[in-house]
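I have placed the structure first, in the form of C-alpha coordinates, so that the comments after it can refer back to it.
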Amino acid sequence: MPSPARLPLWAGRSLALVGILLVALSLRSAVAAISPIVDEIGVDIPLSSVAIGLIGMLPPIFFAVSGFIGPFVSRRLGLEGAIVVAIGLMVVGHIARAASGTFAMLLIGSAVALLGIGVCNVLLPPVVKRYFPDRVGFITSTYATLMAVSTALPSVLAVPVSEALGWRFSLAIWAAVAATALVPWIMLLVRHRRDRAAALLDETTEPEIPDAALEGRLWRSPVAVAIAITFSVSTVSAYSMFAWLPQILVDLVGVSPAASGNLLAVYAIAGLPASIVAPILVSRLRSPAWLIVLGVFFFVAGYLGLLLVPGTLTVLWVLLAGAGPILFPICLVLINKRTRTHTGAVALSGFVQGIGYTIGAFGPLLVGVLHDATGGWAVPLTFLLVLSLVGVVGAVVLSRPGMVEDQLAR
(Lines give C-alpha, C1' and ligand atoms only; values in the text may rest on other atoms or scores of the structure.)
Protein backbone atom coordinates (compact mmCIF):
# COMPACT_ATOMS: atom_id res chain seq x y z
CA MET A 1 0.00 0.00 0.00
CA PRO A 2 1.67 3.30 -1.03
CA SER A 3 2.42 5.79 1.69
CA PRO A 4 0.19 8.87 1.68
CA ALA A 5 1.80 12.14 0.68
CA ARG A 6 3.15 14.09 3.63
CA LEU A 7 1.35 17.34 4.35
CA PRO A 8 2.30 20.16 6.71
CA LEU A 9 1.40 19.02 10.23
CA TRP A 10 -1.11 21.83 10.80
CA ALA A 11 -2.54 21.90 7.27
CA GLY A 12 -6.31 22.02 7.79
CA ARG A 13 -6.15 19.71 10.79
CA SER A 14 -4.96 21.78 13.72
CA LEU A 15 -8.24 21.18 15.57
CA ALA A 16 -7.80 17.43 15.21
CA LEU A 17 -4.23 17.59 16.52
CA VAL A 18 -5.24 19.66 19.55
CA GLY A 19 -8.21 17.38 20.16
CA ILE A 20 -6.11 14.21 20.03
CA LEU A 21 -3.52 15.63 22.44
CA LEU A 22 -6.11 16.89 24.93
CA VAL A 23 -7.90 13.55 24.95
CA ALA A 24 -4.59 11.73 25.47
CA LEU A 25 -3.97 13.84 28.58
CA SER A 26 -7.21 12.49 30.07
CA LEU A 27 -6.88 8.81 29.22
CA ARG A 28 -5.35 7.57 32.47
CA SER A 29 -6.38 10.14 35.09
CA ALA A 30 -9.36 8.07 36.30
CA VAL A 31 -7.06 5.08 36.76
CA ALA A 32 -4.40 6.81 38.84
CA ALA A 33 -6.29 9.53 40.73
CA ILE A 34 -7.83 7.49 43.57
CA SER A 35 -5.12 5.17 44.92
CA PRO A 36 -2.79 7.90 46.29
CA ILE A 37 -5.60 9.44 48.39
CA VAL A 38 -7.58 6.35 49.33
CA ASP A 39 -6.99 7.01 53.05
CA GLU A 40 -8.40 10.53 52.76
CA ILE A 41 -11.44 9.24 50.87
CA GLY A 42 -11.86 6.53 53.51
CA VAL A 43 -12.49 9.18 56.19
CA ASP A 44 -15.77 10.12 54.47
CA ILE A 45 -16.55 6.87 52.64
CA PRO A 46 -15.55 3.66 54.45
CA LEU A 47 -13.43 1.58 52.07
CA SER A 48 -12.59 -2.04 52.85
CA SER A 49 -9.80 -3.95 51.14
CA VAL A 50 -12.44 -5.63 48.99
CA ALA A 51 -13.86 -2.23 47.99
CA ILE A 52 -10.41 -0.95 47.02
CA GLY A 53 -9.82 -4.16 45.08
CA LEU A 54 -13.09 -3.69 43.18
CA ILE A 55 -12.05 -0.18 42.14
CA GLY A 56 -8.70 -1.57 41.02
CA MET A 57 -10.41 -4.18 38.83
CA LEU A 58 -12.54 -1.65 36.96
CA PRO A 59 -10.02 -0.27 34.41
CA PRO A 60 -9.25 -3.46 32.46
CA ILE A 61 -12.88 -4.59 32.69
CA PHE A 62 -14.30 -1.38 31.24
CA PHE A 63 -11.50 -1.00 28.72
CA ALA A 64 -12.41 -4.50 27.51
CA VAL A 65 -16.13 -3.64 27.37
CA SER A 66 -15.27 -0.48 25.43
CA GLY A 67 -13.38 -2.54 22.89
CA PHE A 68 -16.62 -4.25 21.95
CA ILE A 69 -18.99 -1.26 22.11
CA GLY A 70 -16.64 1.42 20.70
CA PRO A 71 -17.09 0.35 17.06
CA PHE A 72 -20.87 0.16 17.57
CA VAL A 73 -20.99 3.73 18.94
CA SER A 74 -18.77 4.92 16.09
CA ARG A 75 -21.13 3.40 13.51
CA ARG A 76 -24.10 5.16 15.07
CA LEU A 77 -22.55 8.56 15.73
CA GLY A 78 -19.42 8.73 13.58
CA LEU A 79 -15.89 9.03 14.97
CA GLU A 80 -16.25 12.62 16.08
CA GLY A 81 -19.70 12.13 17.62
CA ALA A 82 -18.58 9.03 19.49
CA ILE A 83 -15.57 10.83 20.95
CA VAL A 84 -17.73 13.77 22.07
CA VAL A 85 -20.04 11.33 23.89
CA ALA A 86 -17.06 9.49 25.40
CA ILE A 87 -15.51 12.70 26.70
CA GLY A 88 -18.88 13.65 28.14
CA LEU A 89 -18.96 10.35 30.02
CA MET A 90 -15.48 11.07 31.37
CA VAL A 91 -16.56 14.49 32.67
CA VAL A 92 -19.74 13.12 34.26
CA GLY A 93 -17.86 10.22 35.81
CA HIS A 94 -15.18 12.43 37.36
CA ILE A 95 -17.79 14.77 38.81
CA ALA A 96 -19.84 11.85 40.18
CA ARG A 97 -16.75 10.46 41.91
CA ALA A 98 -15.92 13.81 43.44
CA ALA A 99 -19.49 14.24 44.71
CA SER A 100 -19.80 10.69 46.03
CA GLY A 101 -21.28 10.16 49.46
CA THR A 102 -21.34 6.37 49.29
CA PHE A 103 -19.07 3.63 47.95
CA ALA A 104 -21.73 2.68 45.40
CA MET A 105 -21.68 6.19 43.93
CA LEU A 106 -17.88 6.20 43.89
CA LEU A 107 -17.93 2.90 42.02
CA ILE A 108 -20.56 4.07 39.53
CA GLY A 109 -18.72 7.33 38.87
CA SER A 110 -15.49 5.40 38.29
CA ALA A 111 -17.25 3.01 35.91
CA VAL A 112 -18.76 5.87 33.86
CA ALA A 113 -15.43 7.69 33.59
CA LEU A 114 -13.59 4.50 32.62
CA LEU A 115 -16.20 3.64 30.00
CA GLY A 116 -15.63 7.02 28.35
CA ILE A 117 -11.87 6.56 28.54
CA GLY A 118 -12.14 3.08 27.06
CA VAL A 119 -14.15 4.28 24.05
CA CYS A 120 -11.52 6.98 23.44
CA ASN A 121 -8.83 4.28 23.70
CA VAL A 122 -10.51 2.40 20.87
CA LEU A 123 -11.21 5.40 18.64
CA LEU A 124 -7.95 7.34 18.84
CA PRO A 125 -6.03 5.04 16.44
CA PRO A 126 -8.67 5.38 13.67
CA VAL A 127 -8.87 9.13 14.35
CA VAL A 128 -5.13 9.33 13.72
CA LYS A 129 -5.61 7.34 10.51
CA ARG A 130 -8.38 9.66 9.31
CA TYR A 131 -6.66 12.98 10.00
CA PHE A 132 -2.95 12.07 9.90
CA PRO A 133 -2.46 9.14 7.49
CA ASP A 134 0.90 10.63 6.53
CA ARG A 135 2.18 10.90 10.14
CA VAL A 136 0.75 7.86 11.92
CA GLY A 137 3.99 7.04 13.75
CA PHE A 138 4.71 10.56 14.95
CA ILE A 139 1.17 11.31 16.17
CA THR A 140 0.86 7.91 17.85
CA SER A 141 4.20 8.42 19.58
CA THR A 142 3.11 11.87 20.76
CA TYR A 143 -0.23 10.82 22.19
CA ALA A 144 1.23 7.66 23.76
CA THR A 145 3.74 9.89 25.55
CA LEU A 146 0.95 12.14 26.80
CA MET A 147 -0.92 9.06 28.02
CA ALA A 148 2.13 8.22 30.13
CA VAL A 149 2.11 11.78 31.46
CA SER A 150 -1.59 11.45 32.28
CA THR A 151 -0.71 8.36 34.33
CA ALA A 152 1.99 10.13 36.30
CA LEU A 153 0.29 13.50 36.94
CA PRO A 154 -2.53 12.25 39.19
CA SER A 155 -0.03 10.29 41.27
CA VAL A 156 2.07 13.42 41.74
CA LEU A 157 -0.76 15.94 42.28
CA ALA A 158 -3.40 13.91 44.13
CA VAL A 159 -1.92 14.11 47.62
CA PRO A 160 -0.85 17.80 47.71
CA VAL A 161 -4.13 18.94 46.13
CA SER A 162 -6.12 16.76 48.53
CA GLU A 163 -4.20 18.13 51.53
CA ALA A 164 -4.75 21.71 50.39
CA LEU A 165 -8.32 21.59 49.06
CA GLY A 166 -9.77 18.18 49.97
CA TRP A 167 -10.05 14.85 48.16
CA ARG A 168 -13.21 15.86 46.32
CA PHE A 169 -11.43 18.74 44.60
CA SER A 170 -8.48 16.43 43.90
CA LEU A 171 -10.82 14.16 41.92
CA ALA A 172 -12.88 16.95 40.36
CA ILE A 173 -9.95 18.70 38.65
CA TRP A 174 -9.73 15.83 36.17
CA ALA A 175 -13.27 16.61 35.02
CA ALA A 176 -12.02 20.09 34.08
CA VAL A 177 -9.08 18.59 32.17
CA ALA A 178 -11.41 16.28 30.23
CA ALA A 179 -13.89 19.12 29.57
CA THR A 180 -11.24 21.15 27.75
CA ALA A 181 -11.01 18.35 25.19
CA LEU A 182 -14.72 18.79 24.38
CA VAL A 183 -14.17 22.15 22.67
CA PRO A 184 -12.10 21.03 19.65
CA TRP A 185 -14.12 17.82 19.25
CA ILE A 186 -17.46 19.61 19.20
CA MET A 187 -16.04 21.94 16.56
CA LEU A 188 -14.74 18.96 14.57
CA LEU A 189 -18.13 17.26 14.86
CA VAL A 190 -19.96 20.32 13.51
CA ARG A 191 -17.46 20.70 10.67
CA HIS A 192 -17.55 17.01 9.76
CA ARG A 193 -21.35 16.92 9.64
CA ARG A 194 -21.40 20.04 7.47
CA ASP A 195 -18.85 18.51 5.09
CA ARG A 196 -20.73 15.22 5.05
CA ALA A 197 -24.00 16.96 4.19
CA ALA A 198 -22.27 18.76 1.32
CA ALA A 199 -20.77 15.49 0.10
CA LEU A 200 -24.16 13.77 0.09
CA LEU A 201 -25.51 16.52 -2.16
CA ASP A 202 -22.70 15.78 -4.60
CA GLU A 203 -23.89 12.81 -6.63
CA THR A 204 -20.32 12.00 -7.66
CA THR A 205 -19.28 11.47 -4.04
CA GLU A 206 -19.77 8.01 -2.60
CA PRO A 207 -20.71 8.19 1.08
CA GLU A 208 -18.44 6.35 3.47
CA ILE A 209 -20.34 3.60 5.26
CA PRO A 210 -18.61 1.62 8.03
CA ASP A 211 -18.59 -2.13 7.40
CA ALA A 212 -20.31 -3.58 10.47
CA ALA A 213 -19.86 -7.11 9.16
CA LEU A 214 -16.08 -6.65 9.26
CA GLU A 215 -16.12 -6.78 13.06
CA GLY A 216 -17.58 -10.27 13.18
CA ARG A 217 -15.03 -11.69 10.74
CA LEU A 218 -11.78 -10.44 12.24
CA TRP A 219 -11.07 -13.84 13.81
CA ARG A 220 -10.38 -15.03 10.27
CA SER A 221 -7.58 -12.52 9.74
CA PRO A 222 -4.12 -13.77 10.83
CA VAL A 223 -2.96 -10.15 11.09
CA ALA A 224 -5.83 -9.17 13.39
CA VAL A 225 -5.30 -12.21 15.62
CA ALA A 226 -1.53 -11.63 15.74
CA ILE A 227 -1.96 -8.01 16.85
CA ALA A 228 -4.50 -9.11 19.47
CA ILE A 229 -2.05 -11.73 20.80
CA THR A 230 0.77 -9.19 20.99
CA PHE A 231 -1.47 -6.64 22.74
CA SER A 232 -2.65 -9.30 25.21
CA VAL A 233 0.91 -10.24 26.15
CA SER A 234 1.57 -6.60 26.98
CA THR A 235 -1.61 -6.05 29.01
CA VAL A 236 -1.29 -9.24 31.09
CA SER A 237 2.30 -8.45 32.04
CA ALA A 238 1.69 -4.76 32.69
CA TYR A 239 -1.41 -5.20 34.86
CA SER A 240 0.19 -8.09 36.76
CA MET A 241 3.32 -6.10 37.52
CA PHE A 242 1.41 -3.00 38.60
CA ALA A 243 -0.61 -5.19 40.96
CA TRP A 244 2.14 -7.42 42.34
CA LEU A 245 5.63 -6.00 41.71
CA PRO A 246 5.88 -4.18 45.08
CA GLN A 247 4.99 -7.36 46.96
CA ILE A 248 7.35 -9.43 44.80
CA LEU A 249 10.21 -7.08 45.63
CA VAL A 250 9.40 -7.03 49.34
CA ASP A 251 9.34 -10.84 49.49
CA LEU A 252 12.23 -11.69 47.17
CA VAL A 253 14.61 -8.77 47.71
CA GLY A 254 13.63 -7.63 51.19
CA VAL A 255 13.20 -3.97 50.27
CA SER A 256 10.97 -1.72 52.33
CA PRO A 257 7.42 -0.95 51.16
CA ALA A 258 8.52 2.62 50.37
CA ALA A 259 11.42 1.38 48.27
CA SER A 260 9.17 -1.09 46.46
CA GLY A 261 6.85 1.81 45.59
CA ASN A 262 9.78 3.74 44.15
CA LEU A 263 10.78 0.72 42.08
CA LEU A 264 7.20 0.48 40.78
CA ALA A 265 7.60 4.07 39.59
CA VAL A 266 10.83 2.99 37.85
CA TYR A 267 8.87 0.20 36.18
CA ALA A 268 6.20 2.66 35.05
CA ILE A 269 8.62 5.05 33.34
CA ALA A 270 11.02 2.42 31.98
CA GLY A 271 9.14 1.99 28.73
CA LEU A 272 8.63 5.67 28.03
CA PRO A 273 11.76 6.28 25.87
CA ALA A 274 11.08 3.21 23.76
CA SER A 275 7.41 4.13 23.49
CA ILE A 276 8.40 7.46 21.96
CA VAL A 277 10.67 5.89 19.36
CA ALA A 278 8.88 2.61 18.59
CA PRO A 279 5.76 4.02 16.84
CA ILE A 280 7.95 6.07 14.50
CA LEU A 281 10.08 3.02 13.68
CA VAL A 282 7.02 0.82 13.09
CA SER A 283 5.57 3.36 10.66
CA ARG A 284 8.79 3.38 8.63
CA LEU A 285 9.93 -0.24 8.72
CA ARG A 286 8.64 -2.90 6.34
CA SER A 287 8.35 -5.39 9.20
CA PRO A 288 7.71 -4.75 12.90
CA ALA A 289 8.84 -8.26 13.84
CA TRP A 290 12.20 -7.39 15.36
CA LEU A 291 10.64 -4.66 17.53
CA ILE A 292 8.07 -7.14 18.85
CA VAL A 293 10.85 -9.65 19.56
CA LEU A 294 12.74 -6.87 21.37
CA GLY A 295 9.72 -6.25 23.60
CA VAL A 296 9.48 -9.99 24.33
CA PHE A 297 13.20 -10.04 25.15
CA PHE A 298 12.73 -7.19 27.66
CA PHE A 299 9.98 -9.11 29.43
CA VAL A 300 11.91 -12.39 29.48
CA ALA A 301 15.17 -10.83 30.67
CA GLY A 302 13.40 -8.93 33.44
CA TYR A 303 11.51 -11.98 34.69
CA LEU A 304 14.60 -14.20 34.50
CA GLY A 305 16.55 -11.70 36.59
CA LEU A 306 13.81 -11.56 39.21
CA LEU A 307 13.62 -15.37 39.23
CA LEU A 308 17.32 -16.18 39.41
CA VAL A 309 19.11 -13.24 41.05
CA PRO A 310 16.46 -10.83 42.37
CA GLY A 311 18.78 -9.23 44.92
CA THR A 312 21.48 -8.48 42.35
CA LEU A 313 20.94 -5.64 39.88
CA THR A 314 17.31 -5.39 40.99
CA VAL A 315 16.82 -2.02 39.32
CA LEU A 316 18.03 -3.48 36.00
CA TRP A 317 15.48 -6.32 36.14
CA VAL A 318 12.72 -3.85 36.93
CA LEU A 319 13.83 -1.59 34.07
CA LEU A 320 13.89 -4.48 31.61
CA ALA A 321 10.46 -5.77 32.65
CA GLY A 322 9.13 -2.21 32.44
CA ALA A 323 10.46 -1.80 28.90
CA GLY A 324 8.45 -4.82 27.72
CA PRO A 325 5.20 -2.86 27.33
CA ILE A 326 6.79 -1.25 24.27
CA LEU A 327 4.42 -3.75 22.62
CA PHE A 328 1.47 -1.47 23.50
CA PRO A 329 2.37 1.50 21.22
CA ILE A 330 3.60 -0.92 18.56
CA CYS A 331 0.10 -2.43 18.42
CA LEU A 332 -1.52 1.01 18.28
CA VAL A 333 0.47 1.82 15.13
CA LEU A 334 -0.16 -1.59 13.59
CA ILE A 335 -3.91 -1.05 13.95
CA ASN A 336 -3.49 1.76 11.42
CA LYS A 337 -0.70 0.31 9.31
CA ARG A 338 -2.48 -3.00 8.68
CA THR A 339 -5.89 -1.57 7.70
CA ARG A 340 -6.82 0.28 4.51
CA THR A 341 -9.56 2.56 5.84
CA HIS A 342 -10.31 4.31 9.10
CA THR A 343 -13.50 2.22 9.40
CA GLY A 344 -11.33 -0.88 9.20
CA ALA A 345 -9.11 0.64 11.88
CA VAL A 346 -12.16 1.19 14.12
CA ALA A 347 -13.14 -2.48 13.81
CA LEU A 348 -9.58 -3.72 14.35
CA SER A 349 -8.99 -1.39 17.30
CA GLY A 350 -12.14 -2.65 19.04
CA PHE A 351 -11.20 -6.26 18.32
CA VAL A 352 -7.61 -5.94 19.57
CA GLN A 353 -8.39 -3.88 22.66
CA GLY A 354 -11.51 -5.85 23.57
CA ILE A 355 -9.57 -9.11 23.57
CA GLY A 356 -6.40 -7.64 25.04
CA TYR A 357 -8.01 -5.94 28.01
CA THR A 358 -10.31 -8.91 28.68
CA ILE A 359 -7.32 -11.22 28.96
CA GLY A 360 -5.31 -8.55 30.79
CA ALA A 361 -7.98 -8.28 33.48
CA PHE A 362 -7.30 -11.89 34.50
CA GLY A 363 -3.52 -11.44 34.72
CA PRO A 364 -3.31 -10.10 38.29
CA LEU A 365 -5.87 -12.68 39.45
CA LEU A 366 -3.94 -15.61 37.96
CA VAL A 367 -0.66 -14.38 39.41
CA GLY A 368 -2.29 -14.08 42.83
CA VAL A 369 -3.84 -17.55 42.60
CA LEU A 370 -0.50 -19.09 41.59
CA HIS A 371 1.24 -17.30 44.44
CA ASP A 372 -1.31 -18.52 46.99
CA ALA A 373 -1.18 -22.07 45.61
CA THR A 374 2.62 -22.33 45.69
CA GLY A 375 3.53 -19.97 48.51
CA GLY A 376 6.20 -18.25 46.45
CA TRP A 377 6.88 -16.19 43.35
CA ALA A 378 8.80 -18.69 41.19
CA VAL A 379 5.71 -20.15 39.51
CA PRO A 380 3.94 -16.80 38.94
CA LEU A 381 7.09 -15.27 37.41
CA THR A 382 7.61 -18.37 35.27
CA PHE A 383 4.00 -18.07 34.10
CA LEU A 384 4.60 -14.45 33.03
CA LEU A 385 7.89 -15.41 31.34
CA VAL A 386 6.28 -18.20 29.31
CA LEU A 387 3.33 -15.99 28.43
CA SER A 388 5.71 -13.32 27.15
CA LEU A 389 7.22 -15.83 24.71
CA VAL A 390 3.80 -16.13 23.06
CA GLY A 391 4.49 -12.66 21.66
CA VAL A 392 6.95 -14.30 19.25
CA VAL A 393 3.92 -15.82 17.49
CA GLY A 394 2.70 -12.30 16.75
CA ALA A 395 6.14 -11.33 15.48
CA VAL A 396 6.26 -14.28 13.08
CA VAL A 397 2.83 -13.56 11.59
CA LEU A 398 3.39 -9.80 11.38
CA SER A 399 6.80 -10.24 9.74
CA ARG A 400 4.89 -10.90 6.53
CA PRO A 401 3.04 -8.08 4.76
CA GLY A 402 -0.74 -8.21 4.81
CA MET A 403 -3.77 -5.99 5.30
CA VAL A 404 -6.78 -7.06 7.32
CA GLU A 405 -9.36 -6.17 4.67
CA ASP A 406 -7.40 -8.06 1.98
CA GLN A 407 -7.18 -11.21 4.11
CA LEU A 408 -10.92 -11.15 4.84
CA ALA A 409 -11.74 -10.53 1.17
CA ARG A 410 -9.91 -13.74 0.28
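The values are calculated or read from the model by the stated rules, or taken from the named source; none is laboratory data. Just so you know, these numbers come straight off a predicted model, no measurement behind them. Heads up, the Cβs are rebuilt from the backbone with ideal geometry, glycines too, and the neighbour counts pull from every protein chain shown. All accessible areas refer to the heavy atoms of the entire protein, side chains included, with ligands and DNA or RNA removed. Shrake-Rupley method; radii C 1.70, N 1.55, O 1.52, S 1.80 Å.
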Handout entry: Simple Cβ-charge dipole of the stretch 306-410, Lys/Arg +1 and Asp/Glu -1, about Cα centre, in debye nearest 20
Key = 360
Practice task
Measure off 7 Å from each Cα along the Cα-to-Cβ vector at VAL293 and ALA373, then give the distance between these two points in nanometres to one decimal.
Solution key: 3.3
Fill in the blank from the handout: Here FRET efficiency (C-beta to C-beta, LEU285 to LEU77, R₀ 25 Å, nearest 0.05) is 0.10
Fill in the blank from the handout: For Rg and Dmax of the Cα atoms in Å the list reads (1) 21.2, 72; (2) 24.8, 105; (3) 30.9, 108; the calculated value is entry (1)
Completion exercise
Per principal axis, largest first, the Cα atoms of the stretch 242-348 extend in Å by 52, 23, 19
Completion exercise
What helix-only [θ] at 222 nm does the chain give? Using -39500 (n - 2.57) per DSSP H run of at least 4, over all residues, to the nearest 500, the answer is -27000 deg cm²/dmol
Problem - Cα lying deepest toward the dipole's positive end in the chain, options ILE248, ILE41, GLY88, charges on Cβ - result: GLY88
Completion exercise
From most to least accessible, 1.4 Å probe, no ligand or DNA/RNA atoms counted, VAL293, VAL318, VAL159 line up as VAL293, VAL159, VAL318
Completion exercise
Rounded to the nearest 10 Å², the accessible area of LEU408 using a 1.4 Å probe with every protein chain kept is 20
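In the calculated pair distance distribution of the stretch 48-169, what percentage of Cα-Cα distances lie above 19 Å?
Working: 4196 of 7381 pairs.
When all Cα pairs of the stretch 48-169 are counted, 57 percent exceed 19 Å.
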Problem - For ARG135, solvent-accessible area (1.4 Å; no DNA, RNA or ligand), Å² - result: 50
Practice task
Tell me the trypsin sites (Lys or Arg not before Pro) within the stretch 5-114 that lie in a loop according to DSSP and have at most 12 other beta-carbon atoms within 10 Å.
Solution key: ARG6
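Measuring with a 1.4 Å probe in the full set of protein chains, what accessible area per residue, in whole Å², belongs to the stretch 24-84? Show your work: numbers first, answer last.
Details: 2460 Å² over 61 residues.
With all protein chains present, the stretch 24-84 gives 40 Å² per residue.
First compute the accessible area of the stretch 33-100 with a 1.4 Å probe, then give the percent of it belonging to carbon and sulfur atoms.
On the way: 2010 of 2760 Å².
C and S fraction of accessible area: 73 percent.
So for the chain, averaging the separation of alpha carbon pairs under 8 Å that are six or more residues apart and normalising by length, what relative contact order in percent results? Working shown, then result.
On the way: 644 pairs, mean separation 101.3, N = 410.
Computed over the chain, the figure is 25 percent.
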Exercise for the section: Please calculate how many Å² of accessible area the stretch 298-385 carries per residue, with a 1.4 Å probe and no DNA, RNA or ligand atoms counted. Expected result: 32
Completion exercise
Of the accessible area of the stretch 257-410, computed with a 1.4 Å probe and all protein chains kept, carbon and sulfur make up a percent value of 74
Exercise for the section: Just reorder SER221, SER48 by solvent-accessible area, largest first, 1.4 Å probe, all chains present. Expected result: SER48, SER221
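Got a sec? What order do ILE108, ILE248 fall in by accessible area at 1.4 Å, biggest, i.e. largest, first?
In descending accessible area the options line up as ILE108, ILE248.
Please say if the stretch 348-410 is rounded, prolate or oblate, where rounded means a/c under 1.5 for a ≥ b ≥ c the square roots of the C-alpha gyration tensor eigenvalues, and otherwise the choice is prolate for a/b larger than b/c and oblate otherwise? Show your work: numbers first, answer last.
Numbers: a/c = 5.43, a/b = 2.20, b/c = 2.47.
Since a/c reaches 1.5 but b/c is at least a/b, the shape of the stretch 348-410 is classed as oblate.
If you stretched the chain out fully between VAL43 and LEU308, how much longer would it get, using 0.36 nm times the residue separation minus the C-alpha to C-alpha distance?
Values: separation 265, 0.36 × 265 = 95.40 nm, distance 4.26 nm.
Using 0.36 nm per residue and subtracting the Cα-Cα distance, I get 91.1 nm.
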Completion exercise
So for the stretch 105-167, using the alpha carbon gyration tensor with a ≥ b ≥ c as root eigenvalues (a/c under 1.5 gives rounded; past that, a/b versus b/c decides prolate or oblate), I'd call it oblate
